[in-house]
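Colleague: Mind looking over this structure? Questions follow.
The values are calculated or read from the model by the stated rules, or taken from the named source; none is laboratory data. Bear in mind that the values here come from a model prediction, so they are computed numbers and not experimental data. Using ideal geometry, Cβ is built from the backbone for each residue, glycine included, and neighbour counts are taken over all protein chains shown. These accessible areas exclude ligands, DNA and RNA; they are computed on the full protein's heavy atoms, side chains included. Shrake-Rupley method; radii C 1.70, N 1.55, O 1.52, S 1.80 Å.
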Amino acid sequence: MEAPPSFFLSQNRSLTLKPSSPLHSHFLLPNSNNNNNKNRFSSTCEIKSNLRNWSIEHVREMNKDSSIHGNNNSSSSSFSSSLVSVSAATSSEFRTKNAKKVVLFFCDETKSLAQKIASESDSIELRTISWGKFPDGFPNIFIPNAQSIRGQHVAFLASFSSPAVIFEQIPVIYQLPKLFISSFTLVLPFFPTGTSERMEDEGDIATAFTLARLLSNIPISRGGPTSLVTFDIHALQERFYFGDNILPCFESGIPLLKRRLQDLPDSDNISIAFPDDGAWKRFHKQLQHFPTIVCAKVREGDQRIVRIKEGDPSARHVVIVDDLVQSGGTLVECQKVLAAHGAEKISAYVTHGIFPNKSWARFEHDNGGHPESAFTYFWITDSCPLTVKEVTNKPPFEVLSLASSISASLQI
């Protein structure tokens, strides 16, 4: 049972409630004007307790004989006016005491993010895995002291940045649930396949579906199917690729962007631009309180040109929002058309900064007055660790960490 709250009175005296049942507490309050025991009275408080606070639902006066009607009205009034505050554990203390303990494993690429996640909560314990290779290049992997995680909630922070590391991590992902653990959560911030797939011709193979089937067949732990935490999956239909043996939890990085926009000096002059209808469908409900601009690609001859479909960027700080960026061609074309229509500043946000072949280098920093060729800010998350290493401390890039969101997801 949690420590009960204390009542602080104007006489600088405190009384501690000792719950006699989950919802009720009884205590004696001495009368400061008379030390005679006959003038002592007791009060009953009904206390509502939850993970965040203690609240007083009802206070009534009782005389010495526990009668509801007594002659101590003045004392009751004095008590009511002298009640200043209830001292209780803070929300964070309650969350810590009631938090689910989680053992978090990670791969080499996600070590930095794992450390940030662990710093968010005392209930998360980091554990290492020995990642080696045999002489023929195949993985040689070992989980130290594996028997110590029996009966515990376990999570693995993965990064599927290439086919090679996917093959390296899949054996670990399949083995952890078999170690008699209470539950298993796979945290995969970026679900990588399907970003360029188009199922248009006979013979096209959906690798996104194949990867989803791989993850759907992770062995069931003692606690049931594996939970999968992933952020802003690219194609909406991909969430239906997963089978019944995995429980996908689809999170978003947009709340991080919204908090960052609130801190900008021109936060009241922000408009959100979507580079295509797909981005609008994916994010517009989370950003509905901002003025919206929707762009679209139209075909003119052999070229596909970006046009503004709706909205007015004139004199606004326009933030282009999408789930991911690779070469950045669409963002650049969108930037040009927004600047041509009078945007004062142009920034961008993507949850997943993939940037193959260092394509991030094409994005320059606008110190003011050049929205047609440079960005004021370019926000990404740390879902792609290799990109984060390359763009850290390189304006216009800023990294918004998913650590707090992942830490919260591990408590579900």
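Colleague: Quick one: which residue in Phe184, Phe250, Phe190 is closer than 23 Å to Ser407 by Cα, buried (at least 18 other Cβ atoms within 10 Å of the Cβ) and in contact with a helix residue (DSSP H, G or I) (Cβ under 8 Å, 6 or more places away or on another chain)?
Modeller: Details: Phe250 fails: buried (at least 18 other Cβ atoms within 10 Å of the Cβ); Phe190 fails: in contact with a helix residue (DSSP H, G or I) (Cβ under 8 Å, 6 or more places away or on another chain).
Residue meeting the stated conditions: Phe184.
Colleague: Okay, next question. Of everything in the range 190-213 that's touching a Gly at 6+ places or on another chain (Cβ under 9 Å) and not charged (D, E, K, R), which residue is modelled with the lowest pLDDT? Full working, then the answer.
Modeller: Going residue by residue through the range 190-213, those that are touching a Gly at 6+ places or on another chain (Cβ under 9 Å) are 206-209, 211-213.
Then drop every residue that is not not charged (D, E, K, R), which leaves 206-209, 211-212.
On the way: Ala206: 77, Thr207: 84, Ala208: 84, Phe209: 84, Leu211: 90, Ala212: 90.
Among those that are touching a Gly at 6+ places or on another chain (Cβ under 9 Å) and not charged (D, E, K, R), it is Ala206.
Colleague: Since Ser267 meets every condition but one in (1) within 19 Å of Thr351 (Cα to Cα); (2) open to solvent by 10 Å² or more (accessible area, probe 1.4 Å), which condition does it not meet?
Modeller: With respect to (1) within 19 Å of Thr351 (Cα to Cα); (2) open to solvent by 10 Å² or more (accessible area, probe 1.4 Å), Ser267 is out only on (1).
Colleague: As an exercise: evaluate Lys309 against (1) more than 29 Å from the chain's Cα centre (by Cα); (2) part of a loop (DSSP other than H, G, I, E, B); (3) charged (D, E, K, R) and give the number of the one condition it does not meet.
Modeller: (2)
Colleague: It is to be established whether one or more residues within the range 88-103 are over 19 Å from the mean Cα position of the chain (by Cα), open to solvent by less than 60 Å² (accessible area, probe 1.4 Å) and at pLDDT 95 or above.
Modeller: No, because not a single residue in the range 88-103 is over 19 Å from the mean Cα position of the chain (by Cα), open to solvent by less than 60 Å² (accessible area, probe 1.4 Å) and at pLDDT 95 or above.
Colleague: Of all residues being free of Cβ contacts under 8 Å to residues at least 12 places away in the same chain and open to solvent by 100 Å² or more (accessible area, probe 1.4 Å) in the range 301-316, which is farthest from Asn269 (Cα to Cα)? Just the residue, please.
Modeller: To start, the set of residues in the range 301-316 that are free of Cβ contacts under 8 Å to residues at least 12 places away in the same chain comprises 301-304.
With open to solvent by 100 Å² or more (accessible area, probe 1.4 Å) added as a condition, the list becomes 302-304.
Working: Asp302: 37, Gln303: 33, Arg304: 30 Å.
Selected residue: Asp302.
Colleague: Would you mention how many residues in the range 282-300 are open to solvent by 60 Å² or more (accessible area, probe 1.4 Å), farther than 25 Å from Ile406 by Cβ and either assigned to a strand (DSSP E or B) or out of contact with any Asp or Glu (no Cβ under 9 Å at 6 or more places or on another chain) (or both)?
Modeller: Of the residues in that region, 5 qualify.
Colleague: Could you run through the range 374-409 and say how many residues are of a type in the set (Asp, Glu) and under 15 Å from Ala348 (Cα atoms)? Lay out the reasoning, then the answer.
Modeller: Within the range 374-409, the subset of a type in the set (Asp, Glu) is 382, 390, 398.
Imposing the further condition that a residue be under 15 Å from Ala348 (Cα atoms) reduces the set to 398.
The total comes to 1.
Colleague: Restricting attention to the range 330-372, report how many residues are open to solvent by 30 Å² or more (accessible area, probe 1.4 Å) and farther than 20 Å from Leu400 by Cβ.
Modeller: 18
Colleague: Could you list all residues from the range 121-160 that are farther than 14 Å from Ile181 by Cβ, open to solvent by 60 Å² or more (accessible area, probe 1.4 Å) and either assigned to a loop (DSSP other than H, G, I, E, B) or touching a residue at least 24 places away in the same chain (Cβ under 8 Å) (or both)?
Modeller: Asp122, Thr128, Phe134, Pro135, Asp136, Phe138
Colleague: What helices (runs of 4 or more DSSP H), lying completely within the range 325-409, carry at least 3 residues that are assigned by the TED database to the domain that holds Asp263? Explain how you work it out, then say what you get.
Modeller: Details: elements: 329-340, 385-391, 403-409.
Qualifying helices (runs of 4 or more DSSP H): 329-340.
Colleague: All but one of (1) surrounded by fewer than 19 Cβ atoms within 10 Å (Cβ to Cβ); (2) farther than 24 Å from Gly329 by Cα; (3) more than 17 Å from the chain's Cα centre (by Cα) hold for Arg260, so report the exception by its number.
Modeller: Of (1) surrounded by fewer than 19 Cβ atoms within 10 Å (Cβ to Cβ); (2) farther than 24 Å from Gly329 by Cα; (3) more than 17 Å from the chain's Cα centre (by Cα), only one is false for Arg260: (3).
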